[in-house]
Amino acid sequence: MIELKNVTKKYGSFLALDDVSFKIEEGEIVGLLGPNGAGKSTTMNIITGYIEQTSGDVIVAGYDMLKKSKKAKKEIGYMPEGVPLYLDLTVKEFIKYMAELKQVNKRERKEKINEIIEKTGLENVQNKLIRNISRGYKQRVSLAGALVGDPKILILDEPTVGLDPKQITEIRKLIKKLGKNHTVIISSHILSEISQVCSKVIIINKGKILAVDTPKNLENRVVGNNRVYVTVEDKKDRMKDIKKKIKGLKTIELIKENEDKTKEYMLEGEKDVDLRKTIFEVLAKEDITVFEMKKADATLEEAFIKIIEGGKK
Ligand code: ADP
Ligand code: MG
């Protein structure tokens, strides 16, 4: 659906995108993730044909963005960074204006506009001036603008910046819903944003792609899916001999001793082995009482930081 091949972008002598390549299939919801200044907006502006790359190819819905920009652009709905600028229009007037710009068929226009207002939950504010509605609604108006013309692809640049938690949840829900009928790219510098909505994450920093993977796999890059934390009561002091009794166990480490004499251990298995069942069985057999057992929660946050820091070297 979208393909970037060796795309570079220079602003003067500054290299903002450095040999960026990736592919996004139809129906995917993809997160473009990176700190401020990473090149997210630049990438999005190039995909939408808003600015031109310095070199490399951008293919959108089968069209080369430089050679068939009109056709390519028709397939894209773009929600730029920030909120819509047309503060003195009403919500409905803005969407109407977008429909004129995108040359939506005159006979269908009214119906399409109402459809979009309903889809984005703007019924209650449709006749209000954009300047007078909340930030959350402004974001929706911007999203509504992107939906005009039934584009197959939605490009959303930091859609939740400046929203409060409730508004974030609402926009996220809306994006998820839109993801059912569109290919979506969302940029963000916040991880939790992306992990909850996206099936794939592209991590970018300083104009370079550092990773393309599922949120789950990115988490697993930090702590494999193979660490288990157990809190035990080990009256007979048998934990020290446990290593050879659990097949696939790589390390065992005492994390802390609690006041109630229980001890917390970290057990790490060979790559991608889930040891929980074995651990439980072996400890029971050894007369070690398990008070608590949990898997390590590596967060995407950690993965993100690690990948970005790794990329710096
Ligand atoms: P992000 O959206 O990830 O925060 P941008 O794509 O906006 O990052 O910017 C990437 C880099 O390119 C930044 O260092 C930014 O300062 C620089 N940059 C962006 N737009 C321009 C421009 N029009 N002229 C010069 N430098 C720019
Ligand atoms: Mg940006």
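Read-outs: derived from the displayed coordinates by stated rules, not from any lab. The shown structure was predicted, so the numbers you read here are calculated from the model rather than taken from an experiment. Cβ atoms come from the backbone with ideal geometry, glycine included; neighbour counts cover every protein chain shown.
If one puts a single equal scatterer on every Cα of region 226-295 and applies the Debye formula without solvent, what log₁₀ I(q)/I(0) results at q = 0.11 Å⁻¹? At q = 0.11 Å⁻¹ the computed log10 ratios are -0.21. Protection proxy ranking for 105-118, 41-54, using the average of other Cβ atoms within 10 Å per residue and placing the highest first: 41-54, 105-118.
Among all the lysines, which ones have a C-alpha under 24 Å from Lys128's C-alpha, if same-chain residues fewer than 8 places away are not counted? Counting by Cα, and skipping residues close in sequence, Lys128 has these lysines nearby: Lys92, Lys96, Lys102, Lys106, Lys110, Lys112, Lys119, Lys138, Lys166, Lys173. With the charge dipole of region 90-143 set up from +1 on Lys and Arg Cβ and -1 on Asp and Glu Cβ about the Cα centre, the Cα lying farthest toward the positive end among the listed residues Gln126, Gln139, Ile113 is that of Gln139. Each residue of region 20-35 was assigned a 3J(HN,Hα) from its phi angle through the Karplus expression (A = 6.51, B = -1.76, C = 1.60, θ = phi - 60°), giving 8, 9, 6, 10, 10, 8, 4, x, 6, 10, 10, x, 9, 10, x, x Hz with x at Gly and Pro.
For Ser187, Ser195, what's the fewest-to-most ordering of other Cβ within 10 Å of each Cβ?
Going from least to most buried by this count: Ser195, Ser187.
Compactness of the chain is given as radius of gyration and Dmax, 25.0, 83 Å, from Cα positions.
How would you order 283-293, 24-34 from highest to lowest mean count of nearby Cβ atoms within 10 Å?
Peptide ranking by packing, descending: 24-34, 283-293.
Based on the Kirkwood radius over alpha-carbon pairs, what value in µm²/s does the Stokes-Einstein equation return for the translational diffusion coefficient of region 90-143 at 20 °C and 1.002 mPa s? Answer, rounded: 193 µm²/s.
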